[in-house]
Every structure is written in structure tokens, then in C-alpha cells.
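Working notes for the structure below.
The values are calculated or read from the model by the stated rules, or taken from the named source; none is laboratory data. What you are looking at is a predicted structure, and each value in this text was computed from that prediction instead of being measured. FYI the Cβ positions are ideal-geometry reconstructions off the backbone, even for glycines, and counts take in every protein chain you see.
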2 protein chains.
Amino acid sequence: MDGRCRAIIERVRPEIDAGRYPIKRIVGQRVVVDANVFTDGHDVVVAMLRYRNAGAETWSEVELTPLVNDEWTGEFVVDRVGVCEYTVLAWVDRFRTWHRDFQKRVAANQVASVDLLSGAELIAEAAARATGDDRAVLESWVKRLGNEEAVHHVQQICDDTDLPQLMKTYPSRDFAAEYDRVLSITVDRERAGHSAWYELFPRSAASAPGKHGTLKDVEARLPYVASMGFDVLYLPPIHPVGTTFRKGKNNATEANGDDVGSPWGIGAAKGGHKAIHPQLGTPADFRSLVKAASRLGIEVALDVALQCSPDHPYVKQHPDWFRQRPDGTIQYAENPPKKYQDIYPFDFETSDWRAMWDELKSIFDHWIAEGVKIFRVDNPHTKPFEFWEWCIGEIRKEHPDVLFLAEAFTRPKIMYRLAKLGFTQSYTYFAWRNTKQELTEYVTQLTTTEAREFFFPNFWPNTPDILTEYLQVGGRPAFMARLTLAATLSPNYGIYGPPFEHCWGAPREPGSEEYLDSEKYQVHYHDIDRPDSLKDFVARMNQIRREHAVLRSIDNVEFHPVDNDQLICYTKSSADKSECLLVVVNLDPHHVQSGWIDLPLDTLDVEEAHPYQVHDLLSDARYLWNGRKNFVQLDPQVVPAHVFQVRRRVRSERDFEYYL
Amino acid sequence: MDGRCRAIIERVRPEIDAGRYPIKRIVGQRVVVDANVFTDGHDVVVAMLRYRNAGAETWSEVELTPLVNDEWTGEFVVDRVGVCEYTVLAWVDRFRTWHRDFQKRVAANQVASVDLLSGAELIAEAAARATGDDRAVLESWVKRLGNEEAVHHVQQICDDTDLPQLMKTYPSRDFAAEYDRVLSITVDRERAGHSAWYELFPRSAASAPGKHGTLKDVEARLPYVASMGFDVLYLPPIHPVGTTFRKGKNNATEANGDDVGSPWGIGAAKGGHKAIHPQLGTPADFRSLVKAASRLGIEVALDVALQCSPDHPYVKQHPDWFRQRPDGTIQYAENPPKKYQDIYPFDFETSDWRAMWDELKSIFDHWIAEGVKIFRVDNPHTKPFEFWEWCIGEIRKEHPDVLFLAEAFTRPKIMYRLAKLGFTQSYTYFAWRNTKQELTEYVTQLTTTEAREFFFPNFWPNTPDILTEYLQVGGRPAFMARLTLAATLSPNYGIYGPPFEHCWGAPREPGSEEYLDSEKYQVHYHDIDRPDSLKDFVARMNQIRREHAVLRSIDNVEFHPVDNDQLICYTKSSADKSECLLVVVNLDPHHVQSGWIDLPLDTLDVEEAHPYQVHDLLSDARYLWNGRKNFVQLDPQVVPAHVFQVRRRVRSERDFEYYL
């Protein structure tokens, strides 16, 4: 420590858990960094934001700007996928202090020769640090200030802007202070930040009833998925399914001979997590599917569920990776009094944990080698956090473009921890946030707290495990409303189809969120050409998402009052106000609802007495609106939502048709 | 790192700047520690709060209690002045997990022998860690659970509470996780937390007009100070005053021959910061004063102003400790266009900074050896933060009972930084917070933000530098109102007297906060027996402070609505509701003001339909009040404040006089 380092840097933000975890950004995004910077006394302090790609030897720098109350701000853009670092450097700048005081002396007509000589001393020091022309220029300034006539030309010296500009290049950093920590950023590729997921069961993808679908069938279904505008196709586990304690239809404890079992009961004689269920096809079929999808702009995402059926090869090869009971049997999964005898959890407290970690990571490596770059991880919160941090960290060192979606429907701090330690995207509580108040509060929490720095939500209206009461009761309007909300509130969203677009709403029993005749336990045939399908509505929604960049950010949302609690209203707008979408959704799937919405004209970027046009991108209807308060009415039996583009008039009223 | 450590500990609070700084507590106070603790899956996690006096080898421990949402809490009491440390430890507890699941199995009538054997295994492991009787008891439990008959007595085993209690003593901590940081606490003696300061100029303490006061005169004035109930007597600098560029009366640039100069122009031929101004007396006089004060329960606090007059011996001995200008002169203090030629600041960028730091610290050491335990530091924010952190840290290593008050009237983050790095107490913006809204906001900020963990405010209605407009205009009622606010809102407060109790309100010129004929530049005589003195009011206020423990905390304040913005109303109450003071102050020094105050009966701990008594500790008047809304009227020409003790009735209505 050098006692002459006098600048103080505090509270650099964003900073997660004292820098223990990185923040997340998408390549090309800005990183706005704030810090408290000050020094003792009245000297001028200079603060630099430093940033670099991890591993680089030198820092890039941008000067921080003081705001108020010793708070400073600066920003840079992350330009490469991987890890980026940032920190802050600050020093007391003697030249700038001198220059500021010199200006005050000139104004007070108080300049003495010694004041000019003090400045000359500092410029001479800078000249010694400079080279070439700069050095010569600085040396000429030293002479100029040292000249005994200089005291008669102080106003000229004071007015010169070249000197302070040049001196910025050669500050004395001898006593510069560094912030305590170097902070880091996980920089992801674009799809981490905005993606539209479609989940389907491959075995239910056959083109005719009564057949077990295959990867080839999935490949044949790709044009359908692409026509709806999805860019991630997520497949539940495609591995051999165990037979011991296999579940029957509707999760029956006993399976019949022809029951196919749950794809999450992974592992059989034919192999485990790196194998493909024989009825689905071959590794070649899988590679073909990945390639065909890629040609349509779709990535295939695989499910990784780190658990074994009793028939998994691991059980024989590594019995010590599972907990042995005193009677010599292996501990199956249970949550007393519930028992899951078809599932053996890994024992992460095994003394052989290092070898087990390596093997589990190798599952991801295997599928990465097969062309998979996105993984949906099943129940990550039931495996140690340290394991995930290591596993994801190691994989991303080699493959920084691999993305991980955490399927953790658990307590908030656990979900956040998983996001902090490396999961790219996270499932959320969206499915259970159905009222206006619930939705507003939840989205506000995700977009205004520290969580927005590391938690990328992925909104799913349904999943094979979640058929919400709202969808069960609300029917087709409910599916349309929830799709609109998911697709416009969150840049990452997904649906489980075809049950979604076919509006499957029947639960296994009243009060259950399980589907009746769930695809988890049996094969279904889906007629994707059903006339009542929502596929065109879905396609339109994804088209709107593609065409409107404001839907690629999550925190550009603003909720607006409506005098009807069944109507929710929000805008998504760009920082420069060049684009604004206005969404209104009728949350009541049963009745026509209407109300007056109250919009801040500043957000819309329109003026009080000037009418503006709202153009419904769903129905193509256009309305001429005036001022803050406007009326809306939505019939759920038609379309329960408006997705308006706000068009501002750019010409005079004589050119009525012209809106921007 | 052992991958089997599965417990997670996040966000231990209080934690200042990621543990860079300690929190502060007064000896005997509780430290409530919160943390987020959880683990993967469903296992039971145990969390321990660990604490110890710094330097101790072993930790004391108390188990944290889970609240909601993975937040846990625990507390301990700091019992020794010095530095205390705390952190959190947590582990996944296999026995408690087994026991919880065992209870569920018993309830579901699902217990198998193997379940009992699993428990027996864990108990056997604990037995190996235990000794003596405990070991024998645990071994008997192993046998009991291993007995093949045990499966028929599971309810008894389940109902037993001794086993889980005993097992708490012998948990397996093999895979315990520690929080990332050990956090620390500066534990101060009581006076750090509540103190009443009285500042006076020794040279104005003479018993007759026209004489330069001495330390002996100060000693003679101690009974007066004690009679008003103060426990800290703070003296501005008592060192030789420089003559070069000495300021005259009312800060005149030129002094007359008999002008005494500012005590802050420290240093002359007779000595510097370790010497005593010859006209004040001798080191023996000073020691006598300290002892006499101590007998009256008063501590003498000295001012340390790290700056020199041009005549200070340091200037000759260490010219390199001051900034040399190119013309060979020494840089005096200035803030262009203002010049302070009578003051040389130290150059903290000197290459001889280490020796200078040592010498500056030795000033404190000198006065500590003379019996001083409290220092008021002048303008600490114009010296490097690193210096203070080192200086205070080193002093307190040897003398943990030494206290420092920071005189930093500067920007909030700088004031907070000084408090974080070691200053015990801090001057505040109180003097400039005069309206109800200003006072409420400021006190709320001090008591509800993180600042309350490290910033001990000291409220001063006036100082030799600060005669606020409110006091200038408001006269005697204003002084009474401000004293009431300072003394009841802040456990630490002080006044500058006798100008305070004599209601000095004349400024040097309109718009100035300087006193006319300020004691900073001339000697005054004060007739402490003036009949219009506020001394009795001050004495009564300090007596109330001594007799009511609720005034020793700052964050037990609650502001209450009054339908008149000139009236401010707040309660100070104990956590157990056994004591409650209710303060109402008329902030208008000119007019009678009245209004209805609205009190939460829960804070008062009274019931709706039961009358209660409020007893004004200032006037001794008693009022019978009912319910939430009550009327108050305050005439500033009498007393502009009520300090009510709320007395709850404890007998029936037939015993009217009995209130608690």
C-alpha cells in the first residue's frame, strides 16, 4: 500500500455477491457501470472504467462521467462471446486540479508567476511521459508558461482547449487506486437472450395414429415447427427407457407389456445417457435431424436429466455412485411417503465424486460432439450447486456458445443461485402468474431488481408437467392470452406442443396439473392440420417477435393503468423511442371486457393534442387515438389481445395516411 | 474444494462493502445476523452463526433459525470492547434428514427394518465422535434400532426427543461449508453510543471580564457543566497559536497586537500539536483538569486539527511535509479565489509520508498518555482516507476505548466512508434539517439504511462555525426546540456553550452562519448565572436522557402524523414496549401551534377504549388521553415541546392515580 494513493472507489455496480458471480450480457449489448468515486479534499479525481476479454493482457479504458453525489457512470459494449472483465481505476489528477484552480484564479484576476510555474512543472512531467510530436508540444507549453511575460497572457492560456485535451493522454498514474475486485461478465450469443422454444415428444411425432414416432418423424415435422416461427426445438430425453418399475399410462404403478414408460426413466441394457432409444432411431438419424433443423434456422435442444432407471449401465458399473442401504439395496428416489422406485438418484456425497462429476460432464460433451448447443437441464436444484458451477464452467471454457436452461421450479433464491452459477436461461413462475397484479408484480421483480443482471427468464404457458388451472378452465381464449403474454413479456419463451396449439385442457383428475393421458407415459398421434389449431396465431406471434426488436429486451416494459382488472396493458419501447408496441390482453377467457387505458404520452412519444394511430399487428385493424385515455374492448371468443404498433403522424393533418 | 460440501450460504448481513469494513456495536448490544442458507434437493440443512473476539482461537456458536424463503436469523451479544468477528457455517445434516423422513414414514405406517438400520448407521457414526455417557447412550440407541423387534416400536422411537437433542451435539461436519468471509465488528464502550457533549473555548472561561481564560478556569467551570448533565467536555485546540498571518477579530485579514488569533492556527515557537498555549496553562494544569472532570463523570475531548500555522516547528523541521512551490515558498491552504495564508496543509503526497504518518499519529498518542480518550477530529475529509484508517486502527489496537468524532460536513458518501474506516461518531446535517419533512426524512435515512450499522450520528444545534438561520431568527424558542430535537432524536448530541444556553443569535453579517464577534478570533466573558440562561432547561433535558433508556438508541424512533406541519411528533420506545416517550415539538418559534396527533396504539401499548396518561417530563403536567387522536397546543414563548412519558393504567378505573 502506498499512502499517497488518495482516490477512493466504492460500490462498483453491477456486482453480484461481491463479485463472486459474473453478470450476463448478450454479445453486442452495452454494459453500464456505476461506481462511487471521490477523494479527500478538493482535488480533481479522474476515474476510468477498464474492460477486456478474459485472458487479454491489456485493458481498454473509457473515462467515467460524474453524475451527482459522487456517483459516476460509464459504459462499454461486449463484442465477443465468452468472458469479459471490468473494473475501475481512479487517481487524483494534479494537472486537472491545477487547471481548474488556474481558471478560477484567472477569473478572480489573481494569477501570479508562481501559479504558471506550478502548471509548467506538471506539464514538464507529462512531457517526459510523452513521445514524438506530443512531447514537443508539451515542452513548448512548459516554455510558454515559464516565460516571464506569460503572466500577461493568462486569459489566452486559460482559453486554450488543446493543452487540457493533450494532458489527458499523459496523466500521472503513479498513485492510481484500483477497485478491490475485477468483475466478470458471461457474454452469450444472441439466442441466449431471445429465443422461441417448441417442445415435442419424438415418439408422438409419427405421421399416422398407432405408430411409435421416430427421429425421422421429427425431421419430417421440422417444416411445421419452422412455419410457426420457432428457433429452438426441445426434445425430452431420447435415451433407452428402463423397464424395472416402469410406470404405466397416467403414471400407473404397474406398466402393461406395451407401455412405453417415461422418457425420464433413463437407461436400459441398450445404454444410458449417451445412447438413443432404439425405437427412435440411430445416432445418424439424430445428426440428420440436427442438420435439417439448422437449415431451417432451428437448433435442437436436448434434455439432460441426471438420474438413472434401475437398468442403467451406471448402476452396475458404478454401484458406489448410488446410495447403498444397510440391506445392500440401492436407495431409490423418495419424498416420504412418496416413493419413486423407477428412479435412482446419484449420490453426490460418494467418495468417488470426482470420477462421477467427470462422467456426468461427459454426457454433455457427447451431445455437443453430436451437434447440440442447447441443453434443458431437468431438476438442476436436486444436484449440488458446486457441481453445476464446475460442469457448466468447464464446458463453456471449451464451448462458450453452449446454452443451458434450468428447469428449477423451486424457491426464488435457489433459482437465482442456479442462474448466477452459470445456467443461461431459467424457467419461471410465469405459468402460475395469471392475474393482472400477479403478472405486473412478477415481471417488475424480474426487470427491476438485481436479478435482471444474471437471470434470463424463459416463459412457458404449459409444459408436459404443467397444465395450469387457467388453461384447463379457460379453453382456447386462455391459450391465446397466455401465448400473447409469454411471447411479448419475455424475449425467451416456449410452448409444449402440439398439446398447446391444440388447446389440450383435460387434467388427469380435478386439482391436478398433470395431463389426462399424458404424453409422459404414452404415445399420441397429433393431427397437425386440425382446423381448430392455434398454429397460425402462434406463427403470427412469432413473426411479430422477429419483426420488432423491442420484444428482444425484457426490461423495456412499462405497465399502464386500465380501469378494468381483467385487462392488462403494457408497452415495450426502444430507448430512443423510435419503436413502441402496446399490448392489451383480456385475462378473462369467458367474457368480453372493455375499459379505458391510461398511457403516458412520453412513452408513446406523441404530443397531447395530436392524434396517433395504433395498428393491431394481430388483426391488422387501425385506430386513431387521442391523448392519454383511450377505450379498448376485447372479445375472448375472437382474439383476447391487441398487439398494437404505435404510429406517430409525421406529416400534417392533410396527409392523413402518413404515420411513422 | 470438496464436491461433497452441498450447503450454500449467501448474503450474510450485516456486511459492509463485501466485508471490507466492520459494523459497529456498543458493548452489551445484540448483533442480529441474517443469511440465506439452503442446499440442493430436500435434505435438512443446519446453519450455525459463529462469533468470537478477534484473536481467539475458537468460535462460539449459536444455531440459526430458518424464517421464510431460505432466510435464516440468529443473534449474539458483544461482551467486550475491541474487535469481534462473525461468520456462518452450514452443512447438510444426514441424521436430521433421516429423522424427519422417519417421522413421515411412521405417520404413513411405512417403516421397514432397513429404515431403522439407516438411522442406526448415522447414530453409530455420532457415537464414535462422542465420549463418556453420551457415547454410551448413543451406542444403546444403535442397538435399539438394530434390534429386529424395533420395527414394532417405531412410534416410541419417533416420539423420543432425547435422541435428536443428543445428536445435535455430535453432527457430522465433514462437508460443512463456510461463508466466503469472516466479518468484523468494532465494539465500543458505552459512551460511543450515547453521550452529551459540551464545547467551550477555554480562553473564554475566565471568571471575570477582560481576562484570558485558563485551564484552571475551565476546571472551575466543571461543576457548571456537570450541573447541566453533560458527560463530554470538548475543547477546541489548546496549542500555541501562530502569529504569522494571524487573523484578527471577526476573521479580519490583519490582526491587531492584542488579537489572540484562531486556536486552529496551530503552532508557534513554543511548540505545536503536543504543546499547550502558554496563556492557558501547563501540562500539569491539563492533567488536573482531566482528573477533576473524571470525578464529575465528564471526559475531556480534545480537538485534533492536522494543519500548521507558518510558525509551527514542523515547518522548519520537515519542510518536505508541505508542498513547495516553484518559487521556494510553501503552499498555503486555498480554495481559489479564497486564500488562507495562516494555514499550511500537510502534503500527503510527500515521499516522506511514512514518517509523517507516524508523527501525526504520535499527536494522538501524546494526548492519550495525558489522559484523553476522546478526540474530535477537525476536517478529516481533507486528509487521505487511508491515513485515517491506519491511524485509528493502530491507536485502537492499543487503546480500544479511544473514540473519534469526525467533523466532516461534506458529501454523504465521504461522511459514510470516514465512519466506515474507523471514526466512532460523526457530525451530521442535523443543523440544517429544520422542517418536519427534513427532520423526518433525515432521521429515517440514518435509522433505516445500511448506514445505521456503522454511522453513529452526533446532533449539534450549533457549533462555533454554525449559527443557523433558524437560530438567528427564532431566538430562545428556537434554541429550546433544537435542543429537544437533538437530545431526543440522537443518543449522541452536543452544544457549543455558553453561546447556546445564552441564545447567541447574531451573525457576523446577514446570510452568514458565522457568529458576530466569534469566539474563534477573540476572548469573551460569559456570565453563567444570567437569569435568562437556558441552563436549567438543558439540565432537565439531560436528566430525562439519563433516566430514560429509550433515548440511548437511535433506531427505536417512529414518526407520527399531525395535522399541522409546524408540529413534529415521534415516539421512542423499547422493544418490549415497557417504556415509551412521546415527543411533540413546535417548530415555529414565533406562534402558538396546535393540532391533532395520530398515534398507533400498538406502539403506545394501550387499548382502544382505555384512557392513558401522558406525563410531560418538562412541565410535569399530566393529561388523560383516549385512543389514537389527541389534541396538543404548544406556545413557543413558554416551552415549545412536550416530552411525554406514556403511562398505562394498570389498575381499574376506580384507582385513577395508578399508571405504570
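Need a quick list: strands (runs of 3 or more DSSP E) entirely within segment B:1-55 having at least 2 residues that are away from chain A (no Cβ under 11 Å), without any contact (Cβ under 8 Å) to a residue 40 or more places away in the chain and not hydrophobic (A, V, I, L, M, F, W, C).
The strands (runs of 3 or more DSSP E) meeting that bar are B:45-53.
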Quiz item: Got a number for residues in segment A:359-407 being closer than 17 Å to A:VAL290 by Cα and among the aromatic types (Phe, Trp, Tyr)?
Solution: 3
Self-check item: Answer from A:ASN626, A:ASN564 - the residue that is at pLDDT below 95 and either over 24 Å from A:LEU446 (Cβ atoms) or not aromatic (Phe, Trp, Tyr) (or both)
Solution: A:ASN626
Quiz prompt | Matching entry among A:PHE95, A:PHE76, A:PHE102 (being buried (at least 16 other Cβ atoms within 10 Å of the Cβ) and not in a helix (DSSP H, G or I)) | solution = A:PHE76
Quiz item: Within segment A:360-377, how many residues turn out to be within 14 Å of another protein chain (Cβ to nearest Cβ) and either more than 22 Å from A:PRO236 (Cβ to Cβ) or in contact with a Phe, Trp or Tyr (Cβ under 7 Å, 6 or more places away or on another chain) (or both)?
Solution: 1
Quiz item: Of all residues in segment B:93-108 being of a type outside the set (Phe, Trp, Tyr) and more than 8 Å from chain A (Cβ to nearest Cβ), which is nearest to B:TRP141 (Cα to Cα)?
Solution: B:HIS99
Practice problem: Would you check if B:LEU581 is outside any strand (DSSP E or B), of a type in the set (A, V, I, L, M), at pLDDT 95 or above and under 22 Å from B:ARG545 (Cα atoms)? | Solution: no
Exercise. Confirm whether B:ALA406 is assigned by TED's automatic domain parsing to the domain that holds B:ILE466, within 25 Å of B:ILE23 (Cα to Cα) and surrounded by fewer than 23 Cβ atoms within 10 Å (Cβ to Cβ).
Key: no
Self-check item: Selected residue (criterion: nearest to the chain's Cα centre (by Cα)) from residues of segment A:423-447 that are within 14 Å of chain B (Cβ to nearest Cβ) and of a type outside the set (S, T, N, Q)
Solution: A:PHE423
Self-check item: Filtered residue count, segment A:109-146, keeping only those that are closer than 26 Å to A:PHE38 by Cβ and facing another protein chain (nearest Cβ under 9 Å)
Solution: 3
Quiz item: Among (1) more than 24 Å from B:ARG191 (Cβ to Cβ); (2) outside any loop (DSSP other than H, G, I, E, B); (3) among the hydrophobic types (A, V, I, L, M, F, W, C), which single condition is B:ILE363 missing?
Solution: (1)
Exercise. For B:HIS194, state whether it is out of contact with any strand residue (DSSP E or B) (no Cβ under 7 Å at 6 or more places or on another chain) and of a type outside the set (Lys, Arg).
Key: no
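Among the listed residues A:GLU121, A:GLU139, A:GLU125, identify the single one that is within 49 Å of the chain's Cα centre (by Cα), part of a helix (DSSP H, G or I) and surrounded by 14 or more Cβ atoms within 10 Å (Cβ to Cβ).
A:GLU125
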Exercise. Look through segment B:79-92, keep the residues that are part of a strand (DSSP E or B) and of a type in the set (A, V, I, L, M), and return whichever of them is nearest to A:PRO384 (Cα to Cα).
Key: B:VAL92
Quiz item: From the list A:ALA35, A:ALA18, which one is closer than 30 Å to B:TYR179 by Cα, touching a helix residue (DSSP H, G or I) at 6+ places or on another chain (Cβ under 8 Å), modelled with pLDDT of 95 or more and hydrophobic (A, V, I, L, M, F, W, C)?
Solution: A:ALA18
Quiz item: Any idea how many residues of segment A:468-491 are within 23 Å of the chain's Cα centre (by Cα) and under 24 Å from A:LYS520 (Cα atoms)?
Solution: 3
Quiz item: Looking at (1) in a strand (DSSP E or B); (2) within 11 Å of chain B (Cβ to nearest Cβ); (3) among the polar types (S, T, N, Q), can you tell me which one A:ASN69 breaks?
Solution: (1)
Practice problem: Taking the options B:ARG325, B:ARG246, name whichever one is out of contact with any strand residue (DSSP E or B) (no Cβ under 6 Å at 6 or more places or on another chain), basic (Lys, Arg) and closer than 30 Å to B:GLU509 by Cα. | Solution: B:ARG246
Practice problem: Output the residues belonging to segment B:337-358 that are away from every other protein chain (no Cβ under 13 Å) and of a type in the set (D, E, K, R). | Solution: B:ASP342
Quiz prompt | Any hit, segment B:283-294, residues being free of Cβ contacts under 8 Å to residues at least 40 places away in the same chain and over 30 Å from B:PRO491 (Cα atoms) | solution = yes
Exercise. Could you pull out the residue among A:ILE368, A:ILE298, A:ILE276, A:ILE343 that is buried (at least 17 other Cβ atoms within 10 Å of the Cβ), out of contact with any Lys or Arg (no Cβ under 7 Å at 6 or more places or on another chain) and not assigned by TED's automatic domain parsing to the domain that holds A:LEU405?
Key: A:ILE343
Quiz item: Do you know which residues across segment B:342-360 are touching a helix residue (DSSP H, G or I) at 6+ places or on another chain (Cβ under 9 Å), not in a helix (DSSP H, G or I) and not polar (S, T, N, Q)?
Solution: B:TYR344, B:PRO345, B:PHE346, B:ASP347, B:PHE348, B:GLU349, B:ASP352
Quiz item: Hey, any hits in segment A:510-532 for a residue that's in contact with a Cys (Cβ under 8 Å, 6 or more places away or on another chain) and within 17 Å of A:VAL585 (Cα to Cα)?
Solution: no
Self-check item: Close pairs from segment B:318-333: first within 11 Å of another protein chain (Cβ to nearest Cβ) and without any contact (Cβ under 8 Å) to a residue 12 or more places away in the chain, partner charged (D, E, K, R) and surrounded by 16 or more Cβ atoms within 10 Å (Cβ to Cβ), Cβ under 9 Å, at least 6 apart
Solution: B:GLN324/B:ASP347; B:ARG325/A:ASP115; B:PRO326/A:GLU121
Quiz item: Of the conditions (1) on the phi < 0 side of the Ramachandran plot; (2) within 14 Å of another protein chain (Cβ to nearest Cβ); (3) surrounded by fewer than 16 Cβ atoms within 10 Å (Cβ to Cβ), B:LYS383 fails just one. Which one is it?
Solution: (3)
Exercise. Out of the residues in segment A:518-543 that are within 22 Å of A:ALA486 (Cα to Cα) and touching a Ser or Thr at 6+ places or on another chain (Cβ under 8 Å), state the one that is surrounded by the fewest Cβ atoms within 10 Å (Cβ to Cβ).
Key: A:ALA539
Quiz prompt | Residue ranges of strands (runs of 3 or more DSSP E) in segment B:444-563 with at least 1 members in contact (Cβ under 8 Å) with a residue 60 or more places away in the chain and among the β-branched types (Val, Ile, Thr) | solution = B:492-496, B:557-559
Quiz item: Which one of these does B:TYR659 not meet: (1) modelled with pLDDT of 95 or more; (2) surrounded by 19 or more Cβ atoms within 10 Å (Cβ to Cβ)?
Solution: (1)
